[in-house]
Amino acid sequence: MAKKPKKEETAKVHKDLEGFKMNIDTFGEISSTFSIDKLNEFLNKNVDDKKLKDREDIEEIKEGKGKKKK
């Protein structure tokens, strides 16, 4: 009996991450369809950092007001 070809299923994702795919090759190198900067921007906006939750200036950091100029 022949095996049926695997049907590629798409996961349900946030609307900002539509089309996101991530692959790991045989050398362990990770490749993705989105840039690292775009992924970090999404995570910063949508995920709370447990390490920073007790800081008093967390809102300033999230809004970008706490950035230092060089």
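The values are calculated or read from the model by the stated rules, or taken from the named source; none is laboratory data. Everything numeric in this text was worked out from a predicted model, so none of it was measured. Side chains are part of the model used for accessible areas, which takes the heavy atoms of the whole protein and leaves out ligands, DNA and RNA. Shrake-Rupley method; radii C 1.70, N 1.55, O 1.52, S 1.80 Å.
I need the phi-derived Karplus couplings for the range 14-21: 6.51 cos²θ - 1.76 cosθ + 1.60, θ = phi - 60°, integer Hz, Gly and Pro marked x.
Karplus values, whole Hz, x for Gly and Pro: 4, 4, 6, 10, 4, x, 6, 9.
Considering amide H positions built from the backbone, and no H for Pro or chain starts, which residues 5 or more places from Phe34, or on another chain, come under 5 Å of its amide H?
Amide H to amide H, under 5 Å and 5 or more residues apart or across chains, Phe34 pairs with Lys21.
Provide the solvent-accessible area of Asp49, counting protein heavy atoms only and rolling a 1.4 Å probe, rounded to the nearest 10 Å².
80
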